[in-house]
Amino acid sequence: MTTSALLTSSLIMMAAIFRFLATPNAVRDWHTAGLKVYTWTANWPPAWEKAKAAGVDAVLTDRVEPYKEWARTACDPTTTAAP
């Protein structure tokens, strides 16, 4: 495989979306179109919760350490929500 073919085959299509536009319906549509959805700039837990609920693939934040602390529990796939 040539270098350009390798690069082309490994490109990821993505949409960087302002956090207010990342609704569950919009994210579902973008995913259906084959896009990864990244949202910015979510700096506080309520914004992180909305991004998680919308199904975005990544969150861009200015508050990396607090986000990582929040994500350790909020995004843990082994944790289930209480009924």
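Under the simplified labelling scheme, the Leu21-Cys75 pair shows an inter-label distance of 2.1 nm, with each label point 7 Å from Cα along Cα→Cβ. Accessible area ranking (1.4 Å probe, heavy atoms, ligands and nucleic acids excluded), largest first, for Thr39, Thr61: Thr61, Thr39. Between Ala33 and Arg63, the distance separating the two model label sites (each 7 Å from Cα on the Cα→Cβ line) works out to 3.0 nm.
The values are calculated or read from the model by the stated rules, or taken from the named source; none is laboratory data. These numbers come from a predicted model, not from an experiment. Ideal geometry is used to build each Cβ from the backbone, glycine not excepted, and the neighbour counts take in all protein chains shown. When the accessible area is computed, the model is the full protein with side chains, heavy atoms only, and any ligands, DNA or RNA have been set aside. Shrake-Rupley method; radii C 1.70, N 1.55, O 1.52, S 1.80 Å.
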